Every structure is written in C-alpha cells, then in structure tokens.
Amino acid sequence: MNKFLLLLSIMILFAGDSRAEFYKYIDKNGKTHFVDDPGKIPLEYKELKVYKEKYDHMPAAEKAATMEKDRQQELQRLEAEKAAEDQQVQEQFSTKVMIHGNQVLVPVTIGYQGKEVDTLLVLDTGASIMTLHKDVAKRLSIYDTEKSRAQVAGGKEIDTEMVKLSYVKLGPYKKKELDAAIISYKGLPSDYNGLLGMNFLRGLEYSIDFERQIIKWK
C-alpha cells in the first residue's frame, strides 16, 4: 500500500492538574479523525511523527511567543463572546420604537386563530383597550365580531366591532386573549394601525428614551 505524508498530533487539554489526551490523524483521503486511544489509529498511520503537546516541537523562544499569541487570541475570543451576550441581554430588555412628535409607535405582533401580523400601534395609556384599524383586521381574517359603540376624544361615540385576539407580543412580553376594538380609519395615510391600550400595558414597567427612540423594559 502506498504511504502518504500524513500528520499525527496529540491534542492535550488541561483542566486544573487533570489531563485528557485526544489523538488526531488524517487519512489518505484527507479526512481528519479524532480518537481517544492510540490503539484506534490504523497501523499505516502510526509511523508518523508524534507531537506530545502542542508546543513541544518548537524552540523555546518560538514556543513562548506562540503561547502568548494563543493566549491573547483566546482572551479576545472570550471578550467578544461576552460583548455579544451583553448585547443580546440589552436587546431583550429594550425595543426600538418610532417617535412622531408626542406619539410613540411600537412594533407589535398580533395573533388571531393561527394568523399573525406585524404592525405599528400608538402607545396610548389613555385607552382602556386596544384599537385596530380594519385593514389589520382584514389581514388577520377577523370576521366574527360583536357590534359595539366606543367613546373617543371629545366625547363623540363611534361604531366599533369587538374581537378577542389570540395574543399580542411586544418586546419580551406576550399577552393572550386580549379584547380589541376594530374601527374604520378615516384620514391621511398613517404609519400606525391602531392604539396599544392599557389591557396590554397594565402591570408592565418601562421607560421611554425619546433621544434613542427605545423602550427600556424593567
């Protein structure tokens, strides 16, 4: 059998003073294999040079320089992982919003009987329940509603249709079985499709950073 130039190295991992050895060899097809026992290495690969430890084959100066380089790279990797984890935590407890004057537009996900829609609602602590424009109701295929009347700013009453949504999600929060009033929107095109009222916001602690345009959840 023809012999190929293959490399066999022992990778030693330290955990305190305990040592675990793993053996690596590359077969004639270029595939790398790892085993925990040298007896598992095929005979045709056992005459190759063996490195007992990652740095043992290096001159002292090169060994020291390589070990320091590897240490710095590992430190940078750990710092990058921590930064990514911190960013993930920060994003989990904050939500990007849009600020239009005094209006805060929040991105919500609305679910209804297996359908889901992403849209923007105006955060309104003065509204007792959610309000949705009919356009959103159509996208969710909401047809089974109950006729009702609602009072709006100025004391005027308007016709509405009531529905119970499957769920509403905003940031890290999800609330189920929420009532919503569906209304016909009349006016100039808007960036939002209703109001997010207190039946979702009740019990939530948050602050709004108007400069950065985010909601910070507590």
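Across the range 171-190, what is the total count of residues that are under 17 Å from LEU105 (Cα atoms) and assigned to a loop (DSSP other than H, G, I, E, B)? The qualifying residues number 6. On the given criteria, is ALA84 farther than 23 Å from LYS174 by Cβ, surrounded by 14 or more Cβ atoms within 10 Å (Cβ to Cβ) and modelled with pLDDT under 85? Answer is no for this residue.
Tell me, please, whether a residue that is surrounded by 15 or more Cβ atoms within 10 Å (Cβ to Cβ), acidic (Asp, Glu) and either assigned by TED's automatic domain parsing to the domain that holds ARG202 or under 20 Å from VAL97 (Cα atoms) (or both) can be found in the range 148-158. No, the range 148-158 contains no residue that is surrounded by 15 or more Cβ atoms within 10 Å (Cβ to Cβ), acidic (Asp, Glu) and either assigned by TED's automatic domain parsing to the domain that holds ARG202 or under 20 Å from VAL97 (Cα atoms) (or both).
Taking the range 178-196 as the range and being charged (D, E, K, R) and in contact with a Lys or Arg (Cβ under 9 Å, 6 or more places away or on another chain) as the test, only ASP179 passes. Per the listing SER166, SER184, SER190, the residue uniquely within 25 Å of the chain's Cα centre (by Cα), polar (S, T, N, Q) and farther than 18 Å from THR95 by Cα is SER166. Within the range 125-139, the set of residues being within 15 Å of GLN113 (Cβ to Cβ), part of a helix (DSSP H, G or I) and touching a residue at least 12 places away in the same chain (Cβ under 8 Å) comprises VAL136, ALA137, ARG139. Here ASN199 meets each of (1) over 24 Å from GLU146 (Cα atoms); (2) at pLDDT 95 or above with one exception, condition (1).
For the range 193-207, a residue qualifies if it is over 25 Å from the mean Cα position of the chain (by Cα) and among the aliphatic types (A, V, I, L, M), and the qualifying residues are LEU195, MET198.
The values are calculated or read from the model by the stated rules, or taken from the named source; none is laboratory data. A quick note: this is a predicted structure, and the numbers were derived from the prediction, not measured. Ideal geometry is used to build each Cβ from the backbone, glycine not excepted, and the neighbour counts take in all protein chains shown.
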